[in-house]
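What follows is a single structure, written as structure tokens, with notes after it.
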Amino acid sequence: MPELSFVAVMMTLISDFGTKSVDLAVARGLLYQAAPETRLLDVTHLIGRGNLIQAAYVLETANRNFPDGTVHVVLIDFFNFRYPRVLVCRIGRNYFIGADNGLFTLTFGAEPEHVWGFPTTNGVAFSQNMKQVAMLAAYCTGLNGALPPDDWNDNVVEPLVRRGLFHPANSKTLVECAVLDVDNYENVVLDFQRHQFDSIIGNKPFKINMVGLESITTLSSSYADVAQGQPLCRFNSAGFLTLAVNRGKIASHLNLKGLTADELIYKRVRIQM
């Protein structure tokens, strides 16, 4: 790769490693070595292991709030060798580096306009493949959002795995939402964004039935809109519909006790209209 003049930009790190993993320390250290002047920000490492839906929600929210030129390193289900290469995607003026496991098409819906692939090596230590990831990330920071030179042309690929953008299923009388996340307060985040709510429900009456709680029939702007112990729904700061209990924990009522892929991907919440 040709040398590029360095521009100080932001690099983020998202993983499903947890906060105590030695792999996280290895990843951070190699990224710092490869791009010592870059601002490296940990977004979260508490994604459920291999949970692409939760990861897509976090990544989309992070990308929306970071400046052009940001490089997002996403280590989700990363060195599972069903996906034997690293993808580098350019969406807008930001770069995304992650496994070829469908996460980027799930996050952004359409096929990324620019995708490059770099093979990983099976049977070697995590640190050896991570060195390549770190070098790619450092190179992308030097691009500052611009396209790479022609030397990447031989690496242009199409994603091996494609997954559709999360979107609630709906009919004339029902909206069925998937659970994207359970936060530290046990609030439940659904794959239903504000613009989708306005288009599908709008001013029509709706009802969300809660096990052991009163049904939710109105949108709230804050937790104080309902009495203590009562359920509510509101749009969180990322614009996704969120179920909560004022001074309580709604996830327990919905039998969501963890952040495993099976529990979150297959759990559905129905909104009647």
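The values are calculated or read from the model by the stated rules, or taken from the named source; none is laboratory data. Nothing here was measured: the structure is a model prediction, and the numbers come from that model. Positions of Cβ are generated from backbone atoms using ideal geometry, with glycine treated the same way; all protein chains shown enter the neighbour counts.
If residue 157 meets every condition in (1) loosely packed, with under 15 Cβ neighbours inside 10 Å; (2) in contact with a Leu (Cβ under 8 Å, 6 or more places away or on another chain); (3) closer than 26 Å to residue 255 by Cα apart from one, which number is that one?
Of everything listed in (1) loosely packed, with under 15 Cβ neighbours inside 10 Å; (2) in contact with a Leu (Cβ under 8 Å, 6 or more places away or on another chain); (3) closer than 26 Å to residue 255 by Cα, residue 157 misses just condition (3).
Out of the range 173-183, which residues are under 17 Å from the mean Cα position of the chain (by Cα) and surrounded by fewer than 15 Cβ atoms within 10 Å (Cβ to Cβ)?
183
Please determine, by comparing only the residues of the range 184-205 that are surrounded by fewer than 19 Cβ atoms within 10 Å (Cβ to Cβ) and touching a Ser or Thr at 6+ places or on another chain (Cβ under 8 Å), which one is farthest from residue 58 (Cα to Cα).
205
Look through 88, 124 and report the one residue that is of a type in the set (A, V, I, L, M), out of contact with any Pro (no Cβ under 7 Å at 6 or more places or on another chain) and surrounded by fewer than 17 Cβ atoms within 10 Å (Cβ to Cβ).
Numbers: 88 fails: surrounded by fewer than 17 Cβ atoms within 10 Å (Cβ to Cβ).
Checking each option against the conditions leaves just 124.
Looking at 112, 159 in this structure, which one is touching a residue at least 60 places away in the same chain (Cβ under 8 Å) and part of a loop (DSSP other than H, G, I, E, B)?
Working: 112 fails: touching a residue at least 60 places away in the same chain (Cβ under 8 Å).
Exactly one of 112, 159 is touching a residue at least 60 places away in the same chain (Cβ under 8 Å) and part of a loop (DSSP other than H, G, I, E, B), namely 159.
Any idea which of (1) under 21 Å from residue 181 (Cβ atoms); (2) modelled with pLDDT of 90 or more; (3) not small (Gly, Ala, Ser) is the one residue 89 doesn't satisfy?
The number of the failed condition is (1).
Assuming residue 83 fulfils every condition listed in (1) at pLDDT 90 or above; (2) surrounded by fewer than 23 Cβ atoms within 10 Å (Cβ to Cβ); (3) in contact with a strand residue (DSSP E or B) (Cβ under 7 Å, 6 or more places away or on another chain); (4) over 20 Å from residue 142 (Cα atoms) apart from one, which condition is it?
Single failed check for residue 83: (1).
To keep it simple, each residue is scored yes or no on (1) within 28 Å of residue 273 (Cβ to Cβ); (2) modelled with pLDDT under 80; (3) out of contact with any strand residue (DSSP E or B) (no Cβ under 7 Å at 6 or more places or on another chain).
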| residue | (1), (2), (3) |
| --- | --- |
| 153 | no, no, yes |
| 172 | yes, no, yes |
| 179 | yes, no, no |
| 182 | yes, no, no |
| 186 | yes, no, yes |
| 190 | yes, no, no |
